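Derivation of every value follows stated rules applied to the coordinates shown; laboratory data play no part. As the structure is a computational prediction, the values presented were derived from the model and not from experiment. Here Cβ is always computed from backbone atoms with ideal geometry, including for glycine, and neighbour counts include all displayed protein chains.
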Amino acid sequence: MNTYYVYILSSQRNGTLYVGSTSDLIKRVFEHKNKLVFGFTAKYNVSQLVYFEAHDSYGEAATREKRLKNWCREWKINLIEEKNPRWNDLYEELLG
C-alpha cells in the first residue's frame, strides 16, 4: 500500500509558505532543499519542512493539497503551529 503526503514548506518562521504533495516525501523535500525543483520554492528559498500529513490514496492527498492551497495564510499558520509550534525543520526527523 502506498502512502501519499501533503506538506508545507517555509522559508523561515512565519515566512513564505508552499503547499505540495508527493508519494516520496524525503526525496521531494531533498529536491526542494537542493533547488532541484525550479520555480517558486527555489526562487524564494522555501525549503524548511514545517508540516506534513499522510494519506492512503493519491486522490485524498490531491484533494487535501487543493484545499490547503485555497486556505488563507492565517489558517495555514495555525495548522503548522498546532503540530509544530517552534517551526522546526521536520526533514531531519524523517531521516531519523
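Data for the structure
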quantity	calculated
The stretch 76-95 residues that are of a type in the set (D, E, K, R), paired with ones that are surrounded by 13 or more Cβ atoms within 10 Å (Cβ to Cβ) and assigned to a helix (DSSP H, G or I) (beta carbon under 7 Å, 6 or more apart)	76/68
Residues of the stretch 31-46 that turn out to be closer than 14 Å to residue 19 by Cβ, outside any loop (DSSP other than H, G, I, E, B) and in contact with a helix residue (DSSP H, G or I) (Cβ under 9 Å, 6 or more places away or on another chain), as a count	2
The stretch 19-31, residues that are in contact with a Leu (Cβ under 6 Å, 6 or more places away or on another chain) and surrounded by fewer than 21 Cβ atoms within 10 Å (Cβ to Cβ)	19, 26
Test: residue in the stretch 64-74 that is without any contact (Cβ under 8 Å) to a residue 60 or more places away in the chain and not in a helix (DSSP H, G or I)	yes
Test: residue in the stretch 20-27 that is assigned to a helix (DSSP H, G or I), touching a strand residue (DSSP E or B) at 6+ places or on another chain (Cβ under 6 Å) and touching a residue at least 24 places away in the same chain (Cβ under 8 Å)	yes
